[in-house]
Every structure is written in C-alpha cells, then in structure tokens.
Amino acid sequence: MGKISASLTDASIALDRSAATPLHRQLYDQLREAILSGRLAPGTRLLSTRELAGELGIGRNTVINAFDQLHAESYLERRVGDGTYVSRQLPDDLLRAKSDRVAWRGSKRNVPSLSRWGTVAAATPIGPGEYEGRPRPFRTSVPALDAFPYKLWGKLLARRWNPRLIYVTPSHQYPLGMTLTLSRRLALLEIASKAGAWIIEDDYDSEFRYVGRPLAALQGLDTEQRVIYVGTLSKVLFPSICIGYIIAPPDLFDALVVARSLAGRQSPTLEQAALADFICQGHFARHIRKMRALYAERRQALLNAGKRELEGLLDIQRSDAGMHLIGWLQEGTNDRAASAAAFAVGVEVTPLSAYSIEPQQRGALRLGYTGYTPREISHATRKLATALRSLDGGRK
C-alpha cells in the first residue's frame, strides 16, 4: 500500500496563503474532494502529518487540524503504529459531492440581542405571507449533523421491504447523541437509491459541535436528489420564533408549497424579513460562534462536576455535539425513580426510558446544560448526587 505521492500532492493540493480561507480549511477541502472523486482511493496510506507539512511548506499543526476534521467525519481512519489511511468503507462508485447548493425558503436558549431585529426589519417591505417563505434566497454552505445498522438494512431489503421514506438525524441522534458515520451515510444513500425512497435529514442542532467544524450534511453527499434537508431556528435562536426551513430537490418544490398552504394560512412575514437581514448582515453567524463557545464551556463544566460529584452514581457520556449529555446510572437503578428523586430536590432530568417503547437494559438520565452557568451546574450536580444516594427504592 503506497503512500500518497509527492506528484499527487503537487498536482492536486494548491494552498493559497493570500486567501481569506485558513490553510487548514483549504487542505481539508482539497483532501476531501480528492477522496470523494476517487483520486485518493479507499485504503490509500497518507503521508504523516510531519511529511505532508514538509511537502507543502506549511506548519504541522495546520495538517493536524485538517486530518482531525477528516477523521471526525470518517473520511480517514487511524491505525495505531501504522499511520493514517483513507477509509476503506467508501464505496468505489461514489461520485463527487455537491457543495454550495443551498437556497433559503422559510416556513431555555441564549437569545441574540433583539435590538438588532428592530433596525433590520424596518428596511424590508412587508407584503402578504408567502407559503414558500420570503423570496430572499442566498447561498451558503450547508452545515453539517450511528443509527440503523447497515446489515439490518440489507436484511430488510432482501425481504423486499422497500421503504418509501426514511427519516434520520445523522449529525446528532436524539436523545443518545450519536453521529452517523460517513460509511453509514453512504450506505443509507445507496439503500435509498435501490429502494427509490426519499430521505428526510433532520439537522436540528448541528451548529453546536465543539470539536472541529460541523460535519458535512448527508444532503451534501447526495448525487441523486433524494435527500430532503430540514432544519429549525427554534434550537439556535429561540423556540417562539417558529421558523424552519427545507432544502429539497427542485422537483418537490411545488408539492411542498401546496402542503404548506394546507397546513396553515399564516406565515410569520415580519419575523422572516428581519431574520433574512439578520443572517445576511452576519449577526446570525456571530451569534452561533458566541453560543458555541459558551455552550462548550458549560458542557465542560458539567463533565467536570460529574466527575467530581457523581463518581460511582452516574457515568456521564462525553459527546462532541448537541445541547445535552446522557448520564448512565448504575446497573439495577431505575431511571424513572432517579428522575423523581432528583425532581424532589429541585433538579429536573429526563429518564432515558421516557424515549423508548421497549424496556431498557440500563437506565440513564438526559442532562441539559446550555441554559445554566457553570456555578448553577455545579450546584445542581451536588443536589443530583444527594438524590441518587438516597435511592433505596430505586433498584429494580
């Protein structure tokens, strides 16, 4: 298995130091494109970060940042003591991914300053509500964010069970918080292609990823126009805004507009106009950056407090994305009893069993953290520890 050659590096990777895009992002984009186009085949062994940095004349940390993001998105796999390889689970027939194919069509968080909304709304004429949203398209990159086992899908297809519609949350599954790996995203697209099915990709909070950049959307890998990408502003701004969006194949646009008209006659026209300017003027991106940093701090505060206060009571599972964490209870502890005990001392947590029809082998609690300061999180964690220690009747 040969290494990536210097000639491939010279011919395919051209970094522009004068560009506004950081060098690590340029390197990430070009390596990802090389993988998806097949110029870097599955199983190809890459140069080490030190060697590639020397080939390109850039700092090693720049290469490490690009590799880390590609690894997080499952484009690369690391083998201890053997180096970094292009993932073997990429299908040979994968064509290049589409990018920049976005058109906006509208339908307890930290809220951005509302003073900005009053000034931007006044400049936009307000007309009757359009079912398809305000006609204010703009272009941006879809944000990025393991669900069904591929082997199980294969068994279902073998039995002629052909789905018409597949609904997934690949960037951050709720409530467990898992991310659908690249190999399974590609397998899902293959399944949809064979079954002639549509995929609804619900990307409700992928902006809040605390390690690397948001993951590439499933819609960005779709070469057959089968993915309907949906999102909401309720998570990233505030629930009462009641505005969502859909990025759909053009052939579905008219049908979706009709469906929207049947669902309701009132569209939040003023809010859409203000939101359009809020986004186009850069306020939304600044809000996301600010909240990502704030939530990352609060997430770490919960992990630290859990390690300090909940040892032996609750094993908090680390997650690199989202707005909550899952804490696993000790074997035999009923999570509904644990939730009730926590509520009695003033801490509201949701039992994992509330999200499941079938009985769970092990109980767990969903712990939200974005609406609380580190001090409040620390105080609540101590109270939760007290509640869990009192669970004489919490055993199954």
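The values are calculated or read from the model by the stated rules, or taken from the named source; none is laboratory data. Keep in mind it's a predicted model, so treat the numbers as computed, not measured. Here the Cβ positions follow ideal geometry from the backbone for every residue, glycine too, while neighbour counts run over all protein chains shown.
As an exercise: evaluate residue 327 against (1) assigned to a helix (DSSP H, G or I); (2) among the small types (Gly, Ala, Ser); (3) within 23 Å of residue 209 (Cα to Cα) and give the number of the one condition it does not meet.
Failing condition for residue 327: (1).
Does region 291-312 contain any residue that is surrounded by 13 or more Cβ atoms within 10 Å (Cβ to Cβ) and assigned to a strand (DSSP E or B)?
No, because not a single residue in region 291-312 is surrounded by 13 or more Cβ atoms within 10 Å (Cβ to Cβ) and assigned to a strand (DSSP E or B).
Kindly list the number of the only condition in (1) on the phi > 0 side of the Ramachandran plot; (2) surrounded by 14 or more Cβ atoms within 10 Å (Cβ to Cβ) that fails for residue 282.
Condition not satisfied by residue 282: (2).
Starting from region 13-28, take each residue that is outside the structural domain of residue 76 (by TED's automatic domain parsing) and list its partners that are buried (at least 17 other Cβ atoms within 10 Å of the Cβ) and not in a helix (DSSP H, G or I), counting only C-beta distances under 9 angstrom and pairs at least six apart or across chains.
none
Pairs needed: first member in region 156-185, outside the structural domain of residue 229 (by TED's automatic domain parsing) and surrounded by fewer than 19 Cβ atoms within 10 Å (Cβ to Cβ); second member anywhere, modelled with pLDDT under 85 and of a type in the set (A, V, I, L, M, F, W, C); C-beta distance under 6 Å; at least 6 residues apart or different chains.
Hits for this filter: zero, empty list.
Which one of these is modelled with pLDDT under 85 and out of contact with any Cys (no Cβ under 7 Å at 6 or more places or on another chain): 263, 296, 274, 255? Before you say what the answer is, go through the steps one by one.
Values: 296 fails: modelled with pLDDT under 85; 274 fails: modelled with pLDDT under 85; 255 fails: modelled with pLDDT under 85.
Of 263, 296, 274, 255, the one residue that is modelled with pLDDT under 85 and out of contact with any Cys (no Cβ under 7 Å at 6 or more places or on another chain) is 263.
Kindly indicate whether residue 272 is closer than 29 Å to residue 211 by Cα, of a type in the set (S, T, N, Q) and surrounded by 13 or more Cβ atoms within 10 Å (Cβ to Cβ). Write out each step before concluding.
On the way: closer than 29 Å to residue 211 by Cα: no; of a type in the set (S, T, N, Q): yes; surrounded by 13 or more Cβ atoms within 10 Å (Cβ to Cβ): yes.
When the stated conditions are applied, residue 272 does not pass them.
State whether the residues of region 203-210 include one that is modelled with pLDDT of 80 or more, acidic (Asp, Glu) and outside any loop (DSSP other than H, G, I, E, B).
no
Output the helices (runs of 4 or more DSSP H) that fall wholly within region 218-286 and possess 1 or more residues being more than 21 Å from residue 168 (Cα to Cα), or say none.
Filter on region 218-286 gives 253-263, 269-280.
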